[in-house]
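Take a look at the structure set out below.
The values are calculated or read from the model by the stated rules, or taken from the named source; none is laboratory data. None of these values were measured; they are calculated from a predicted model. Please note: Cβ atoms are built from the backbone with ideal geometry, for glycine as well, and neighbour counts cover all protein chains shown. Heads up: the accessible areas ignore ligands, DNA and RNA and are worked out on the full protein's heavy atoms, side chains in. Shrake-Rupley method; radii C 1.70, N 1.55, O 1.52, S 1.80 Å.
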Amino acid sequence: AKWLDQAMPVVSMLGIALIIVVITAAGRDSLLDIGLVLLLIVLFHNLFGYTLGYWYARFFRLPERDARTVAIEVGMQNGGLASGIANSIGKIATMGLAPAI
């Protein structure tokens, strides 16, 4: 099982990268139209979310490393959930771009 512990992070990263590539390719036209605005909004949203996640974890007296982990995990879950919702309502080429970015 040791090889599995080493292989699974790579499989996970490749899976996430594949999903991002598919969403970005599907939304190419929309991304070219509103790319810069979308990038700025996503940057602000993510910085706000990561900061909030980090400081909430610190408020509950989690150690520094755990607080960073909480912040990153919350951001990943938000992106995954948003991608899933966009896919389920058939808007992956438009609404799916923000979580992919």
Restricting attention to the range 83-90, does a residue exist that is free of Cβ contacts under 8 Å to residues at least 60 places away in the same chain and not in a helix (DSSP H, G or I)?
yes
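Mind counting the residues in the range 68-89 that are at pLDDT 85 or above and open to solvent by 90 Å² or more (accessible area, probe 1.4 Å)?
Here is the first cut: in the range 68-89, the ones at pLDDT 85 or above are 68-72.
Those left that are additionally open to solvent by 90 Å² or more (accessible area, probe 1.4 Å): 68, 72.
Going through the range 68-89 one residue at a time, the tally reaches 2.
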Complete set of residues in the range 23-51 that are touching a residue at least 12 places away in the same chain (Cβ under 8 Å) and either part of a loop (DSSP other than H, G, I, E, B) or of a type in the set (A, V, I, L, M) (or both)
I23, A26, G27, L31, L38, L39, I41, V42
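Of all residues in the range 33-57, how many are aromatic (F, W, Y), more than 17 Å from P99 (Cα to Cα) and open to solvent by less than 100 Å² (accessible area, probe 1.4 Å)?
Residues in the range 33-57 being aromatic (F, W, Y), more than 17 Å from P99 (Cα to Cα) and open to solvent by less than 100 Å² (accessible area, probe 1.4 Å): 1 in total.
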Can you confirm whether R65 is in contact with a helix residue (DSSP H, G or I) (Cβ under 6 Å, 6 or more places away or on another chain) and either surrounded by 13 or more Cβ atoms within 10 Å (Cβ to Cβ) or not aromatic (F, W, Y) (or both)?
no
Selection from the range 9-32 of residues more than 22 Å from A71 (Cα to Cα) and open to solvent by less than 100 Å² (accessible area, probe 1.4 Å) yields V11, V21, V22, I23, T24, A25, A26, G27, S30, L31
Please name all residue pairs, on different chains or six or more residues apart, with Cβ atoms under 7 Å, provided the first residue is in the range 53-79 and is closer than 21 Å to I16 by Cβ and the second residue is among the β-branched types (V, I, T).
G53/V70; G53/V74
